[in-house]
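Data first, discussion second: the structure below is written as structure tokens.
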Amino acid sequence: MSVTSDRRRPNLSTRQLHAFLALAEQRSFTRAAAACHLSQPAFSALIRTLETELDTRLFDRDTRSVQLTPEGRLFEASARQLSDDFGAAVSELGAHVQGRKGRVHVAALPSLAAGWLPAIFAEFRNSSPGIALSLSDLLSDPCIELVRSGKADFALASTGAGHAGLSFELLCTDRFFLVCCKDHPLAGEKILTLKKLVPYPFIHMSRNSSVRQALDAALHPLQTQTLLEVDQLATVTGMVEAGLGISVVPALTLFHFERQSLVTRPLAVPHLTRKIYVVRRQQGSLSVAAQALHDLIVLRMRG
């Protein structure tokens, strides 16, 4: 059988705790009031209301001395722990609010995570060394799912529609380039169109990648000669460099193809673009640390 007490829970304030601890240390209402920067009547009122809330006398006082009662001695250790814990909580929160501490988890497309984001992370790390950074380098859909589930603060992804509960802020629009060997027939073409690319073997990214999805949409109804489908841009680089085929990739991935044997050429296809978004949950605010990194990313990408 359970027994429920009818006695209400005391409603204590930090001012009362501080006043109690000051009086326990000073053993004088005058000195304790001065330590708390209060008048003696105001200080005495705090102690009275504390004892009323706890329904017990905490101090024995006479004209010459102030002493803790047995109940006061019992309460002193807990009051000191409460005061210390509250001070630590306020200090910890202050460090997060001031950007000196915190944790930020970003999900980003691999091309951004490898090529453009490292410099931003380095800049942010230099200015906020106490903030721990986490990065998940994944394709768009897994990135978005991390944000939806609350595991990532925000994502840099290329899918911008059909996701309830999420907001999408356009960060930039990525153009596409042909990548081929220097001696390939397309390397010297003055104007490159998709129709001119179709006759040649392609090294494609996998069908679930944002790169492939944008290219397939632009090519339709044209069909390419797919030689290989791979998951990693580094693999595309090696296969193209070996002369096995050509590829079409976004500008933000071109750092992978900076090889003397390769040529990158812009495509004259205005509708072939990849939009990069900052994705976050619609409900709730970012932490101070996450908001600071978000703002730096937007500033650097748009600047």
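All of the numbers you see were taken from the coordinates with simple rules; none came from a lab. None of these values were measured; they are calculated from a predicted model. Note that each Cβ is placed from the backbone with ideal geometry, even for glycine, and that neighbours are counted across all protein chains shown.
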Rounded to 10°, Cα long-axis angle of helix 14-26 versus longest principal axis of the chain: 50 degrees
20 °C / 1.002 mPa s Stokes-Einstein diffusion coefficient of the stretch 172-274, Kirkwood radius on C-alpha pairs, µm²/s: 160 µm²/s
Extended-chain gain in nm, criterion 0.36 nm per residue less alpha-carbon gap, residue 172 and residue 235: 20.1 nm
Rounded Å value of the spacing that divides the Cα centres of the stretch 101-172 and the stretch 38-57: 52 Å
Inter-probe distance in nm under a simple model that places probes 7 Å from Cα toward Cβ, at residue 198 and residue 90: 7.2 nm
Ellipticity estimate at 222 nm from DSSP helix runs (n ≥ 4, -39,500 (n - 2.57)) divided over the chain, nearest 500: -13000 deg cm²/dmol
Residue of 158, 136, 149 that the Gaussian network model of the chain assigns the largest fluctuation, springs spanning Cα pairs under 10 Å: 149
Cα gyration tensor category, rounded, prolate or oblate, for the stretch 147-198 with a/c compared to 1.5: prolate
Angle in degrees between helix 210-219 and the longest Cα principal axis of the chain, rounded to the nearest 10: 40 degrees
Cα-projected label distance for residue 183 with residue 135, points at 7 Å along beta-carbon direction, nm: 3.7 nm
The chain: most fluctuating residue of 166, 38, 133 per GNM, C-alpha cutoff 10 Å: 38
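Find the relative contact order for the stretch 172-274 and round it to a whole percent, using C-alpha pairs within less than 8 Å whose residues are 6+ positions apart.
Across the stretch 172-274, relative contact order equals 49 percent.
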Between 0 and 90°, nearest 10: helix 40-54 axis offset from the chain longest Cα axis: 80 degrees
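Given a Förster radius of 45 Å and the C-beta distance between residue 14 and residue 148 as r, what FRET efficiency does 1/(1 + (r/R0)^6) yield to the nearest 0.05? Don't skip to the end; give the middle numbers.
Numbers: r = 39 Å, r/R0 = 0.86.
For residue 14 and residue 148, the calculated efficiency is 0.70.
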Whichever lysines have a C-alpha closer than 25 Å to that of residue 275, once near sequence neighbours (fewer than 8 apart) are set aside: 151, 195, 196
For the chain, built as a Gaussian network whose Cα springs stay under 10 Å, the top-fluctuating residue of 280, 175, 57: 57
Among (1) 22.1, 74; (2) 19.5, 67; (3) 32.4, 105, the entry derived from the coordinates for Rg and Dmax of the Cα atoms in Å: (3)
